[in-house]
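Worksheet: the structure to be examined is printed underneath.
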Amino acid sequence: MHKVEPKDWIPLIKPYAKPNTLRSLRQVADTLLPLLALFLLAHKALSVSLLLTLALDFVAALFLVRLFILQHDAGHGSFFPKKWMNDLLGFFAGVLTLVPYHHWQLSHARHHATSGNLDKRGVGDIYTMTLEEYLRATPRERLAYRLYRNPFVMFFLGPIYVFMLSYRLPLGYGSERPSVRNSVALTNLALVLLLLGIGTLLGWKTLLFVYLTIQYLAGMVGIFLFYVQHQFEDAYWEHDPRWEHLKAAMEGSTYLKLPKVLQWLTGNIGFHHIHHLAPKIPNYHLPKVQEEVDLVKVAPTVTLKDAFQIAFADLHLHDEESRKLVGFREAHRRLNAARGKLSA
């Protein structure tokens, strides 16, 4: 992509960065009401069939993902025109999604400011080592990184660690801020009351096989979506000062082209390249930007089938020479070659 200055592209997208309060409220209603209904149906289904309950759990989990996208927009200040409205929705949704609003908001803003920047990795992202860093690492460090990037750990254990454990503590980036610590404490307090209420009124079986199962499945889908939208072979990575915001958005994020139903359930997050370019655009305006603004059409398009291939591909290390993600097989081929030269 040739050099395009902010003054050239900001006027193209600025008209779309206007939230519509009625449309936003409608999204809240068409997300929360079905989510509640599915939760209660799954609770009732426990007396009929566990398989039916799990099927309803999965559909409810997709609505919970959609709720997180609304929380996500609120965190960017793009969902409602008023800050207090965004913050109110963000906190309330954060209790239901297990994500403390201000804690996440701060780290996610950092992710947007540093996505694809090799000198500022590690906050709000899926950590990616360079090939050279991996080759220089100790065997223990390489093992730890391989475990972290293992698909089973990432997608099946990750939801438990990220959403159910790590977000319960005010740790990491911004943890010294009172707003972050208060956000975590208030979210946890509301969660305790919610869990006690569910367990007492609907039963502990519902808590386990409905509430926690929905949370787990939603976490799995959320991590999957985030992963495949940044971890593809040609993903943009660059050092300061050559890092560019436009390239990080258009070449470091995918356009995940989902079936219409899944696009709706995931709150248009598949238009991730546009969102990274202009996070002030509400999710419901993103498809229109894709259709009307030629600038954004250069981003790599990924189908759902492609996304599953990316999720389980051996693409975990950024090779600064080829400017591509490579795998552990390539890294260990180079390690063995280096050892062979030393022994010779």
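The values are calculated or read from the model by the stated rules, or taken from the named source; none is laboratory data. Note that the coordinates shown come from a computational prediction; the quantities given were computed from them, not determined experimentally. Backbone-built Cβ (ideal geometry, glycine too); neighbour counts: all protein chains shown. Accessible surface areas use protein heavy atoms only, side chains included; no ligands, DNA or RNA. Shrake-Rupley method; radii C 1.70, N 1.55, O 1.52, S 1.80 Å.
Going Cα to Cα from Lys18, which aspartates and glutamates come in below 15 Å? Please leave out same-chain ones fewer than 8 positions away.
Within the straight-line cut-off, Lys18 pairs with Asp73.
On C-alpha positions alone, give me the angle between the axis of helix 213-228 and the longest principal axis of the chain, in degrees, nearest 10.
On a 0 to 90 degree scale, this one is about 30.
Using a probe of 1.4 angstrom, how much of the accessible area of region 130-197 is carbon and sulfur, in percent?
Details: 2890 of 4110 Å².
The computed percentage sits at 70.
Can you give the Rg to Rh ratio for region 266-344, taking only C-alpha atoms and Rh from Kirkwood?
1.21
Please give the charge dipole size of region 286-327, origin at the Cα centre, charges +1 on K and R Cβ atoms and -1 on D and E Cβ atoms. Round to the nearest 20 debye.
Dipole size: approximately 140 debye.
Once you have the Cα-Cα distance between Val153 and Leu193, take 0.36 nm times their residue separation minus that, and quote the gain in nm to one decimal. Spell out each step's value before the answer.
Values: separation 40, 0.36 × 40 = 14.40 nm, distance 3.01 nm.
Extending this stretch completely gives an extra 11.4 nm.
Let me spell out the model: positive unit charges on the Cβ of Lys and Arg, negative unit charges on the Cβ of Asp and Glu, origin at the Cα centre of the chain. What dipole size does that give, in debye rounded to 20? Present the calculation step by step, with values, prior to reporting the outcome.
Values: 37 positive and 27 negative charges, 90 e Å.
The calculated dipole for the chain is roughly 440 debye.
Under the rule a/c < 1.5 gives rounded, and otherwise a/b versus b/c splits prolate from oblate, where does region 136-219 land using the Cα gyration tensor?
Oblate is the answer for region 136-219, as a/c is 1.5 or above yet b/c matches or exceeds a/b.
For Rg and Dmax of the Cα atoms in Å, the listed values are [x] 21.1, 72; [y] 19.7, 62; [z] 18.6, 53; which was obtained by calculation from the structure presented?
Looking at Rg and Dmax of the Cα atoms in Å for this model, the match is [x].
Distance in nm between label sites at Leu33 and Tyr127, each 7 Å beyond Cα in the beta-carbon direction?
The answer from the label model is 4.5 nm.
Any chance you could run the full-extension gain for Val48 through Glu320? It's 0.36 nm times the residue separation minus the Cα-Cα distance, nm to one decimal.
Gain in length upon complete extension: 92.4 nm.
In what sequence, largest accessible area first, do Thr213, Thr31 appear using a 1.4 Å probe?
Thr213, Thr31
Report Lys305's accessible area, 1.4 Å probe, all protein chains in place, as a number in Å² to the nearest 10.
140
May I ask you to give the solvent-accessible area per residue for region 131-283, in square angstrom, as obtained with a 1.4 angstrom probe?
47
Under the 0.36 nm per residue contour assumption, what length would be gained going from the current alpha-carbon distance of Val162 and Ser175 to full extension?
The span from Val162 to Ser175 would gain 3.1 nm if fully extended.
Taking square-rooted eigenvalues a ≥ b ≥ c of the alpha carbon gyration tensor, is region 187-341 rounded, prolate or oblate, where a/c under 1.5 means rounded and, failing that, a/b exceeding b/c means prolate? Present the calculation step by step, with values, prior to reporting the outcome.
On the way: a/c = 2.43, a/b = 1.40, b/c = 1.73.
In terms of gyration-tensor shape, oblate.
Here are some pairs, Lys14/Lys257; Lys7/Lys83; Lys83/Lys324; Lys14/Lys305; which of them have Cα atoms lying more than 31 Å apart in this structure?
Over 31 Å Cα-Cα: Lys83/Lys324; Lys14/Lys305.
For region 206-325, with only Lys/Arg (+1) and Asp/Glu (-1) charged at the beta-carbon, what is the dipole magnitude about the Cα centre, in debye rounded to 20?
Its charge dipole is roughly 560 debye.
At a Förster distance of 30 Å, what's the computed FRET efficiency of Trp84 paired with Arg23, Cβ-Cβ distance as r, to 0.05?
The computed FRET efficiency comes out at 0.95.
Name the residue farthest towards the positive end of the dipole of the chain from the options Leu246, Gln309, His72, assuming +1 on Cβ of Lys and Arg, -1 on Cβ of Asp and Glu, about the Cα centre.
Among Leu246, Gln309, His72, the one farthest towards the positive end of the dipole of the chain is His72.
Once every DSSP H run of n ≥ 4 in the chain is given -39500 (n - 2.57) and the sum is divided by its residues, what mean residue ellipticity at 222 nm do you get, rounded to the nearest 500 deg cm²/dmol?
Value at 222 nm, helices only: -18000 deg cm²/dmol.
I'd like the chymotrypsin sites (Phe, Trp or Tyr not before Pro) in region 279-344 restricted to DSSP loop residues with at most 15 other Cβ atoms within 10 Å, sorted by number.
Of the chymotrypsin sites (Phe, Trp or Tyr not before Pro), the ones in loops of region 279-344 whose Cβ has at most 15 other Cβ atoms within 10 Å are Phe312.
Calculate how many DSSP beta bridges within the chain are antiparallel, expressed in % of all such bridges and rounded to the nearest 5.
40
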